[in-house]
Amino acid sequence: MGLSFFIQCTCLVLLLVSLTLVHAQRKVFDVTNYGARADGKIDNSKAFINAWNGACQNIGGGMVLFPKGTFVVAPVVLPGRCKGPMELEIQGTLQASKEVKDFIGIDHWITIQYVDGLNISGGGTLDGLGADGWGYNDCLKNPGRCKQLPATLRLDFVTKGYITNITSINSKNTHINLFACKEVLIRNIKISAPGESPNTDGIHIGNSQNIYIVDSQISTGDDCVSVLPGSQYINVTGVQCGPGHGISIGSLGRGAGDAVNDMYVTNSRFVSTQNGVRIKTWAVDSKPGTVSRIAFGYIEMDNVENPIIIDQEYCPGGGCNAQASSQVQISDIKFNDIRGTSATKEAIILKCSPSKPCQNIELKDIDLTFRGRGGPAVSLCKNVEGKAYGLQKPTSKLDTPRVAAYNDIEYDNLEGRAYGLQNPSWNLNTVQESPDREIEDPWIASPF
């Protein structure tokens, strides 16, 4: 895992350098030269499309420029297979259409497809005017009024992308949706929608590889980052999340072969979110799948419900068959140095499948405090095989015959090792370790 993480970081640097070098070479296609007007009234989608097509067909690619001002834009699809790398420079504000016909039953606002080399920047704002659509977007409470609504920015089949210095506010649905993308860096962006806005995921990732989300702020009404099947090598670093539903993998299990592998979340902060770091899979009608090689580390929780949660009984609408069992195998998951305050007494929830118990779950240096009634914090663990190292607060009662998680039990004739702070000490009767031998750090191969 450590070598692959190093390779990913190297690729990230090379990607950033290559995109920076091409930035100064682009020919500019200003939308105002194609009839766009920054009056906050007329639809500028035709000018946007024409400017994009001109840049796309230009030898060597080009830059589409929205200067300062407010430009209303109806839904657009911007095709790729361009003759060079593309840039979208947003200096002003792009505002979604207020017309109901422009967003009911439509899955996108701005879609960019099949581009190899894409840079979106400029310091501007994407304003989805979400309040116009949220009343149609509450599928759980109003199934009869549940309508498909557009994601603000959708990238399909984009390779070598860079999104930076952009703000997305009040999306009607997901803010940024990545599908079948490779080597995309999202850095220094701001995403904002009210905590009660439905289904407004910050960044939605599906069937994509080598995605980096760095140094960004996400405040929204659903997952800050959600990672769906087919995704691998996802790196989230330096993100502040909240309000929202946390950073989630899943849900998985609806499709055969659903998988998410090799994801790292580190140096991030969660504030008043519904969840912290979460893995969720369906139990009802579950198909086989996998979640593996996931690491969460150096994370601060501030008044967070469910700071650490694996939920293989996911059933958001309620009424699911309690006897159903998820067929998604979760394994090789690490939680390292996660600290702060929990808004719920159950600060750690590991609810794994009885037919596919979680394997090789590692908890190291966990310090989560609950100050409400009925405290202190506790953990809930079902069908889990794993290990706990260092500080464990609350105690992680891992359901495994190979790992003891209860500090009030004496251990006789037990061969093993103890790592980190041990209070009280574990009476491990080890025969393989001598006092002068250096103990291997179990996290040495991780990105942490």
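The values are calculated or read from the model by the stated rules, or taken from the named source; none is laboratory data. Model, not experiment: these values are computed from the prediction. All Cβ positions, even for glycine, are placed from backbone atoms using ideal geometry, and neighbour counts span all protein chains on display.
In segment 200-251, counting only strands (runs of 3 or more DSSP E) that sit wholly within it, the ones holding 2 or more residues that are over 10 Å from the mean Cα position of the chain (by Cα) and under 21 Å from residue 328 (Cα atoms) span 231-241. Screening 247, 211 for residues that are in the same structural domain as residue 334 (by TED's automatic domain parsing) and surrounded by 22 or more Cβ atoms within 10 Å (Cβ to Cβ) leaves exactly one candidate, 247. With respect to being among the polar types (S, T, N, Q) and surrounded by 19 or more Cβ atoms within 10 Å (Cβ to Cβ), residue 329 fits the description. Among the residues of segment 302-323, those identified as more than 20 Å from residue 334 (Cα to Cα) and either assigned to a loop (DSSP other than H, G, I, E, B) or among the small types (Gly, Ala, Ser) (or both) are 315, 316, 317, 318, 319, 320, 321, 322, 323.
So which residues in segment 379-393 are of a type in the set (A, V, I, L, M, F, W, C) and either outside the structural domain of residue 312 (by TED's automatic domain parsing) or surrounded by 20 or more Cβ atoms within 10 Å (Cβ to Cβ) (or both)? Within segment 379-393, 381, 384, 388 qualify.
Looking only at segment 138-155, which residues are at pLDDT below 75 and in a loop (DSSP other than H, G, I, E, B)?
138, 139, 140, 141, 142, 146, listed by residue number.
Residue count for segment 103-127 under the criterion of being touching a helix residue (DSSP H, G or I) at 6+ places or on another chain (Cβ under 9 Å), buried (at least 17 other Cβ atoms within 10 Å of the Cβ) and under 21 Å from residue 175 (Cβ atoms): the result is 8. Criterion first (part of a strand (DSSP E or B) and among the charged types (D, E, K, R)) does residue 183 satisfy it? Yes. The single residue among 340, 319 that is on the phi > 0 side of the Ramachandran plot and surrounded by fewer than 18 Cβ atoms within 10 Å (Cβ to Cβ) turns out to be 319.
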